[in-house]
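These notes concern the structure reproduced below.
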Amino acid sequence: MKCVLILGASSDIAKAAARQYARKGATIFLAGRNEEALTGFSKDLSIRHNVIAKFVRFDADDVKSHASFYKGISPVPDVVICAFGYLGDQAVAQNNWDECNRIIQANYTGAVSILNLVANDMETRKSGVIIGVSSVAGDRGRQSNYIYGSAKAGFTSYLSGLRNRLFKSGVHVVTVKPGFVDTKMTNGLKLPAPLTAQPDQVASKMINAADKKKNEIYVLWMWRWVMLIIKSVPEGVFKKLKL
Amino acid sequence: MRSKKDITNWGKYPVAEANEFVFDSETNLKKIIESSPSSPFIARGAGRCYGDASLGENIVSTLHYTNILEFDPVRGEIFCEAGVTLEELIEVILPKGYFLPVTPGTKFITVGGAVASDIHGKNHHKEGSFSAHIIYMEIYAADGKIYRASRTENVDLFEATCGGMGLTGIILRVKFGLKKVESAYIKQITARARNLDEIFDLFEEHRSCTYSMSWIDCFQKGSKLGRSIMYAGEHATLEDLDTKKKKNPLYVPAKRKLTVPFNLPSITLNPLSIRAFNFLYYNKSPKNRHVGLVDYDTFFYPLDAILHWNRMYGKSGFVQYQFVLPLDVSKKGLTEILTRINKRNMGSFLAVLKLFGKQDDLISFPMEGYTLALDFAVRKGLFEFLDELDKVVMDLGGRIYLSKDARMKSDFFWKSYPKINQFAETIRKYNPSSTFASEQSARLQLTNHYHKK
Ligand SMILES: Cc1cc2nc3c(=O)[nH]c(=O)nc-3n(C[C@H](O)[C@H](O)[C@H](O)COP(=O)(O)OP(=O)(O)OC[C@H]3O[C@@H](n4cnc5c(N)ncnc54)[C@H](O)[C@@H]3O)c2cc1C
């Protein structure tokens, strides 16, 4: 049966994906920092779905630990989901390098570091799927969150390059741009209902994309059009907008 | 950034403007509680209590704290986080030959809610309330510590948490015993009662039956007062099943659910439509005693088949009035209350009668006697009418179920729960500065430092 490694497994999207893969009988590695929550979740998955599920400590920021972390995953994963990220605070990040760097690390540097290892391994094995959870915020930089957005833009480009490189080895790369998602992070924010997806929806779309070898997906179709419009506004006009 | 939301429970009355917090670990919970030490918090599960018990300015939702941590199919024990719902548990335990030891009339509640209300089911007269099956639980108290509580460890905390409506702290994890079953079916007896005397006789006759409850038509008067249908049941054994069901005894095929898509105009449920419904319902039931096989969903959760049925009562919502009367005065009290309902044409669409067995816990609702639950749409004059009923209940030594309450006056509450002083004392011990308080606890003057801004 399939083995799935989820990096950043305590987000709601990651948990929904873990449940859906467990329902299909996959072995699940839950990687992240929140040991208490993820150990509990691994027990829950094993009890509810009768599968093997394990917590593995993983810190995206600590790039030096990535090689030994990945070596420790056995059996080797058929699917790797890169779900970690950090929204951060744009206003703080503009003045504070630590916050700014944290955003870049968590959304770009850390992801590149671990996925390099995964990619090399899958390339030699000539099989595997990598799913990267990026963001619509990476489609165009806006004043309200361009530090996060630019890190995600970097990640989106990285994934597309990786897809291009690994195609000939039969390894598939999926880029997911969820848009607004109703999660514990956004709880309390007023999100526009038609543009807001449920974590379960995001998970099933991305699993479907992995199965069907789709390359880049938005979760709700509206987002494709919203982002198309946002991307097509000429820069001369765009710079004057309050976005 | 964080904005308040309007939150209501099942009765859609009252509405609270609240901050909602979620947690997925003890560490996160501690951060939330310690981030604003001045304002009170209240735990909230699935919001299936009817009134304001899980409402307050700062709501700590358990709906992201939902791991099942242990399931021992040999001993029949489960250990889980408080936000797991009964529906989810059934999915895990029934295929392994177990059922819940006690279940309310809906499976859409959480384990935390089951403990905090010390819920009762149709088997109370034989198997007690939920707390009778708890092995131990872990509670996050106001001092930031986690206490393990059971009938032998931190006993005062255990007793005040069962039925304590979230006022001792946040229930984190619960271990409890399950019931072994051979099938997902119930052998059901249906019997008609023409009046109150007959239904009391039926309850007595079925005392040895594991499950029993009856539905009363509140519009009947005189010699027909208390006309009702009794449903009694036992878990079906393999022998009770036909060959087809025997092949897959622990599995019930999924059924389609109906949804009430929006709040219906409040006129939908009027005395006339309720009378018509009651007439049809009574007359479609078998005239003579009938024994049949139904699946567990149909037997325990008939209302869950209609999602959002609470929207039938319209925008202003409804309250459920559930009281219990001591056994020796039950008939007298029910006659009095049903007569008053009739006189005022206040008939309730759902009216459920049950017989409780003995229970003598600190703050739990059940006591030996009959309990009746009635639904009333919120409208002018209702609360005055319910105050009148409170008086009848109080004079007979009965009380009201906190989990359904949205309007009871505090002096009635303090007079009707005999061990209330001891309960209040334990709350003061574990929750001295009202770190945990709800709109209900403020109304009932159980917590004193509730700051309404
Ligand atoms: C259709 C229907 C039928 C019902 N039938 C019955 C019945 O037959 N018998 C019966 O006893 N009840 C019945 N109920 C009531 C229901 O079982 C209780 O109100 C139950 O407590 C609801 O649980 P919840 O998870 O929705 O909790 P909520 O409604 O959110 O909260 C209820 C109370 O529990 C507290 N609470 C919840 N979680 C925690 C926690 N983790 N820690 C501390 N406190 C917590 C809240 O503060 C609040 O005081 C019924 C309700 C409905 C809607």
- the stretch B:43-74, subset in contact (Cβ under 8 Å) with a residue 60 or more places away in the chain and over 18 Å from the mean Cα position of the chain (by Cα), residue nearest to B:ALA437 (Cα to Cα): B:GLY56
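Answer yes or no: is there a residue in the stretch B:96-108 that is more than 14 Å from every other protein chain (Cβ to nearest Cβ), in contact with a Cys (Cβ under 6 Å, 6 or more places away or on another chain) and at pLDDT 95 or above. Full working, then the answer.
As a first pass, look at the stretch B:96-108 and keep what is more than 14 Å from every other protein chain (Cβ to nearest Cβ): B:97, B:99-108.
Adding the requirement that they be in contact with a Cys (Cβ under 6 Å, 6 or more places away or on another chain) leaves none.
No, the stretch B:96-108 contains no residue that is more than 14 Å from every other protein chain (Cβ to nearest Cβ), in contact with a Cys (Cβ under 6 Å, 6 or more places away or on another chain) and at pLDDT 95 or above.
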- Run B:PHE130 past the list (1) within 11 Å of chain A (Cβ to nearest Cβ); (2) surrounded by 23 or more Cβ atoms within 10 Å (Cβ to Cβ); (3) aromatic (Phe, Trp, Tyr) and report the number of the one that doesn't hold. (1)
- Positions within the stretch B:278-307 being assigned to a helix (DSSP H, G or I), of a type in the set (Ser, Thr, Tyr) and away from the ligand (no atom under 15 Å from the Cβ), in sequence order: B:TYR281, B:TYR282
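Please verify whether A:ASP12 is surrounded by 17 or more Cβ atoms within 10 Å (Cβ to Cβ) and within 11 Å of chain B (Cβ to nearest Cβ), treating the condition exactly as stated. Reasoning before the result, please.
On the way: surrounded by 17 or more Cβ atoms within 10 Å (Cβ to Cβ): yes; within 11 Å of chain B (Cβ to nearest Cβ): yes.
Answer is yes for this residue.
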- Message: Residue under question is A:LYS242, and the condition is that it be open to solvent by less than 40 Å² (accessible area, probe 1.4 Å) and charged (D, E, K, R); does it hold?
- Response: no
- Out of all the residues in the stretch B:16-27, which are open to solvent by 40 Å² or more (accessible area, probe 1.4 Å), touching a strand residue (DSSP E or B) at 6+ places or on another chain (Cβ under 8 Å) and either closer than 19 Å to B:GLY113 by Cα or at the interface with another protein chain (Cβ under 10 Å from one of its Cβ atoms) (or both)? B:GLU26
- Message: Here are the criteria: (1) open to solvent by 20 Å² or more (accessible area, probe 1.4 Å); (2) modelled with pLDDT of 95 or more; (3) more than 14 Å from A:VAL136 (Cα to Cα). Tell me which single one A:LYS184 does not satisfy.
- Response: (2)
- Query: Quick check: anything in the stretch A:88-96 away from chain B (no Cβ under 14 Å) and open to solvent by less than 30 Å² (accessible area, probe 1.4 Å)?
  - Reply: yes
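Every residue in the stretch A:15-25 that is of a type in the set (Ser, Thr, Tyr) and within 11 Å of chain B (Cβ to nearest Cβ), please.
Answer for the stretch A:15-25, where residues must be of a type in the set (Ser, Thr, Tyr) and within 11 Å of chain B (Cβ to nearest Cβ): there is none.
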- Query: Does A:SER150 qualify as being open to solvent by 50 Å² or more (accessible area, probe 1.4 Å), under 16 Å from the mean Cα position of the chain (by Cα) and more than 14 Å from chain B (Cβ to nearest Cβ)?
  - Reply: yes
- Residue check: is B:SER433 at pLDDT 95 or above, among the hydroxyl-bearing types (Ser, Thr, Tyr) and either open to solvent by 30 Å² or more (accessible area, probe 1.4 Å) or not in a strand (DSSP E or B) (or both)? no
- Message: Here's a check for you: in the stretch B:32-60, which residue that is at pLDDT below 95 and charged (D, E, K, R) is surrounded by the fewest Cβ atoms within 10 Å (Cβ to Cβ)?
- Response: B:GLU34
- Can A:THR39 be described as open to solvent by 10 Å² or more (accessible area, probe 1.4 Å) and within 12 Å of chain B (Cβ to nearest Cβ)? yes
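Tell me, which strands (runs of 3 or more DSSP E) lie completely within the stretch B:138-234 with 1 or more residues that are within 16 Å of the ligand (Cβ to nearest atom) and farther than 23 Å from B:LEU374 by Cα?
Per the criteria, B:146-149, B:170-177, B:185-193.
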- Note on the structure: Counting only helices (runs of 4 or more DSSP H) entirely within the stretch B:22-120, those with at least 2 residues that are within 9 Å of the ligand (Cβ to nearest atom) are B:111-116
- Task: Only one of these is at pLDDT below 95 and aromatic (Phe, Trp, Tyr): B:PHE376, B:PHE413. Name it.
- Result: B:PHE376
- Taking into account only those residues within the stretch B:121-132 that are part of a helix (DSSP H, G or I) and within 9 Å of the ligand (Cβ to nearest atom), which is farthest from B:ARG207 (Cα to Cα)? B:PHE130
- Note on the structure: Within the stretch B:1-15, the count of residues that are more than 12 Å from the ligand (Cβ to nearest atom) and part of a strand (DSSP E or B) comes to 2
- Task: Could you give me the residue pairs with C-beta distances under 9 Å whose first residue belongs to the stretch A:29-49 and is charged (D, E, K, R), whose second residue is assigned to a helix (DSSP H, G or I) and crowded, with 24+ Cβ neighbours inside 10 Å wherever it lies, and which are 6+ apart or on separate chains?
- Result: none
- Query: Hey, any hits in the stretch A:58-74 for a residue that's within 14 Å of chain B (Cβ to nearest Cβ) and open to solvent by 20 Å² or more (accessible area, probe 1.4 Å)?
  - Reply: no
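The values are calculated or read from the model by the stated rules, or taken from the named source; none is laboratory data. From a predicted model like this one, the values you see are computed outputs, not experimental measurements. Note that each Cβ is placed from the backbone with ideal geometry, even for glycine, and that neighbours are counted across all protein chains shown. SASA here: full protein model, heavy atoms, side chains in, ligands and nucleic acids out. Shrake-Rupley method; radii C 1.70, N 1.55, O 1.52, S 1.80 Å.
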